[in-house]
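Below: the structure, in structure tokens.
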């Protein structure tokens, strides 16, 4: 279970997150929606401590961090319980697909080489890249790179995987293959928090949808509730603006 | 022996007199170098037969050997060449008519030309191919697109390298002592030899060069700001 | 001026000059070692923005890049013994080679510092984030992710740096060190065949520069095997590939073109 409690964050005088509290149960898929600048990506990055929250509390499983007094060892432990899939993939450029997945297993989890390799090969096969093990990222398409990114996140066996707009940088025809992989691991009961603009995907896969705007959570509920019967005016406005897009995505 | 501060001051004033010599070597070599560089860069980029290969060999040779060897080769080699040709053709011109600083001008221009060739080439290569296509798409001729679209952008891209080359030539001008030209460096030696205060004299020389270098950097930064205005912001 | 030109002298001078190649290479190697060490010491406070040290590093960089190496050589040769005498150290009997390697080392250090800083800065920020997200410590992220990529970016700059240093060592003779250029002068004066000696000298420098460059290209190939190589096209304007190392290199300019 992931519990965010009263998370606040500001860049200079600009407050991006205001007392955000959010609980994600084990096995749950939560999709965060919102216009750009609403703070959704910042919130996700705070969970992984890539942004340092100003105040609040982050709990992953039975491990709890008070952001005001987090020590380096706390941050490291928090990061080892979470994994991130980036918008720009961020695959290690000097390592092959296989090495990308193996890297953290060897360095962070300190698993033996043979075991790490076995697990990584299995994961890459799972995301459909069994034939691309020894390719460098520069030789892979965006969709393939992102699938390696997902395999890399899965390898850590984290309590939660954070997806930061995983399909935004992709060519439209490559979005499908990545969403399909995310969908299939969602079915396996892996806990996920996903920031995305793919409405069809959100409706289809999410257990819960959270709508953010202006650094606060405006509304949350089941996809049906939020998409069909939004209560807040801001949510309705946002949905009206993006609905046409939702028609042609999956 | 104590550091003689007052001598640093008086050496500084005496060295100021040698600044014009240093600057004239720098300006001449940079200007001539730019012309040689632009020509050889174009020859290489358009792959003009024979001339392109000669240009490449020239750039490789110069960049692979010390500037001092260029100066010495010119100093000893050029007179033989000139006098030989002169005699053949019956001219009255003899190599002794060339002033010492002439060898520095010629040799340093040849050095600078090779480095400038790379600066020009890198600048032009830095311009996106899409820019050429866009220029052609609105009906510009090759010359028009070069002059109005490519060169301004190439100049902006090349400016930092250009400034470094100018600084390199300024510092390189100290080698002129080898052909008895009295620039700032040689003057420091002369000033110090009267009372053996080499440290103080070279300290003064270093301060002058430091100041000139900072000046060039400032000017280049100022030009860069104006020329590169279109390139500002957006990335991060 | 001098004896008439005779090409055979060029060949007979080559082995004589090569006798002193060891001295030249020793200056290059010693200075390079010092320079890289100094470069790291100067680059770190700048990268981690440590107050005071950062300002001192800035002054060091500005001075060594702002004055000619020839002036620096004289300055250290004449000045260092006097300054150290104030703190009771006697350097008057230190070998000339000490001053030469020290000065070239400090000079190279200024350019090495910029090379290090720029190469590290050129590694995409997302790489570090991905390393952190995977739970690596800052040390692991630096040594396993940033450093290998920075190294690959640095090779071409490093190549220029070494060749520039090699060429700069031709000035060591001004302090009386008998390296290749010094030897060439002696030979020239002795035989009056100046053109031939300097031609032989230039050929040797050219050969070493060429070899160094080729070796470092091999190293670069090896370190950048993960990048798509730009094919050399014949068109005047090659397409700029986004994020390729060569493009990155165009943005890194440590200002050591190797003039002098």
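Just so you know, all these numbers are worked out from the coordinates, no wet-lab data involved. Keep in mind the model is a prediction, meaning the values are calculated, not measured. Note: ideal-geometry Cβ built from the backbone for every residue, glycine included; neighbour counts use all protein chains shown.
The calculated pair-distance distribution of chain B uses every alpha carbon pair, bins of 10 angstrom beginning at 0, and gives 7, 24, 28, 22, 13, 5, 1, 0 percent.
Our summary gives chain A a relative contact order of 26 percent, counting only alpha carbon pairs under 8 angstrom and 6 or more residues apart.
Sorting check: for A:71-79, A:49-57, which peptide has the highest mean count of neighbouring beta carbons within 10 Å, and how do the rest follow?
On the way: A:71-79: 15.4, A:49-57: 17.9.
In decreasing order of mean packing, A:71-79, A:49-57 become A:49-57, A:71-79.
Per residue of chain C, the DSSP helices (runs of n ≥ 4 H) give a summed -39500 (n - 2.57) that works out to -23000 deg cm²/dmol at 222 nm.
Take each residue in B:121-129, count the other chain C-beta atoms within 10 Å of its C-beta, and the mean is 3. Distance from the C-alpha centroid of the stretch A:142-211 to that of the stretch C:1-74: 54 Å, rounded to the whole angstrom.
Give me Rg/Rg_expected for the stretch A:10-50, where Rg uses Cα atoms only and Rg_expected = 2.2 N^0.38 Å with N residues.
Numbers: Rg = 11.5 Å, N = 41, 2.2 N^0.38 = 9.0 Å.
Computed over Cα atoms of the stretch A:10-50, the ratio equals 1.27.
Need one word for chain A: rounded, prolate or oblate. Basis is the Cα gyration tensor (sqrt eigenvalues a ≥ b ≥ c); a/c below 1.5 gives rounded, then a/b vs b/c decides. The shape class here is oblate. For the stretch B:76-168, pairs of C-alpha atoms spaced more than 14 angstrom apart make up 74 percent of the total.
With the helix formula -39500 (n - 2.57) applied to DSSP H stretches of n ≥ 4, chain B reaches a computed 222 nm mean residue ellipticity of -25500 deg cm²/dmol. For peptide B:168-175, the mean count of partner chain Cβ atoms within 10 Å of a residue's Cβ comes to 6.
Packing-wise, with mean Cβ within 10 Å as the measure, how do A:1-7, A:125-131 rank, highest first? Show your work: numbers first, answer last.
On the way: A:1-7: 18.3, A:125-131: 16.6.
Highest to lowest by the protection proxy: A:1-7, A:125-131.
Going by C-beta contacts inside 10 Å, put A:197, C:193 in order with the fewest on the left.
Working: A:197 17, C:193 23.
Going from least to most buried by this count: A:197, C:193.
Counting only C-alpha contacts under 8 Å and six or more residues apart, can you give the relative contact order of the stretch C:88-193 as a whole percent? Let's see the in-between values first.
On the way: 51 pairs, mean separation 30.6, N = 106.
After rounding, I find 29 percent.
Most tightly packed first, judged by the mean number of other beta-carbon atoms within 10 Å of their residues, the peptides C:15-22, B:122-129 read B:122-129, C:15-22. For chain A, the longest principal axis of the C-alpha atoms and the axis of helix A:97-107 are separated by about 90°.
Decide, for chain C, between rounded, prolate and oblate: order the square roots of the alpha carbon gyration tensor eigenvalues as a ≥ b ≥ c, take rounded if a/c falls under 1.5, and otherwise choose prolate if a/b is larger than b/c, else oblate.
On the way: a/c = 2.76, a/b = 1.38, b/c = 2.00.
Taking the square roots of the gyration eigenvalues as a ≥ b ≥ c, chain C is oblate.
In percent, rounded to a whole number, the relative contact order of chain C is 29, using alpha-carbon pairs under 8 Å and six or more apart. Cβ-to-Cβ counts within 10 Å put A:138, A:184, B:55 in ascending order as A:184, A:138, B:55, the fewest first. Across the alpha-carbon atoms of the stretch B:95-223, the computed radius of gyration and Dmax are 20.6, 70 angstrom.
Send over the semi-axes of the stretch A:168-211's equivalent ellipsoid, whole angstrom and largest first, taken as the square roots of 5 times the C-alpha gyration tensor eigenvalues. Walk me through the numbers on the way to the answer.
Working: eigenvalues 61, 36, 14 Å².
After scaling each eigenvalue by five and taking roots: 17, 13, 8 Å.
Converting the Cα gyration tensor eigenvalues of the stretch A:15-87 into ellipsoid dimensions via √(5λ) gives semi-axes, longest first, of 19, 15, 12 Å. The largest-to-smallest principal axis extents of the Cα set in the stretch A:118-221 are 45, 29, 23 Å.
Cα centroids of the stretch B:59-77 and the stretch C:100-123: 26 Å apart. Global dimensions of the protein assembly as shown from alpha-carbon coordinates: Rg and Dmax equal 31.9, 103 Å. Measuring between their Cα centroids, the stretch B:155-219 and the stretch B:94-149 lie 25 Å from each other.
Show that you can apply the helix-only estimate: for chain A, add -39,500 (n - 2.57) for every DSSP H stretch of four or more residues, divide by all residues, and state [θ] at 222 nm to the nearest 500. Let's see the in-between values first.
Details: 9 runs with 102 residues, N = 250.
Estimated from H runs of four or more residues: -12500 deg cm²/dmol.
Expressed as a fraction of 2.2 N^0.38 Å, the C-alpha radius of gyration for the stretch C:4-98 is 1.56.
Put in line by how crowded their Cβ is, counting other Cβ atoms within 10 Å and starting with the fewest, C:128, B:30 read C:128, B:30. Neighbouring Cβ atoms from other chains, within 10 Å of the Cβ of residues in B:38-48, number 1 on average.
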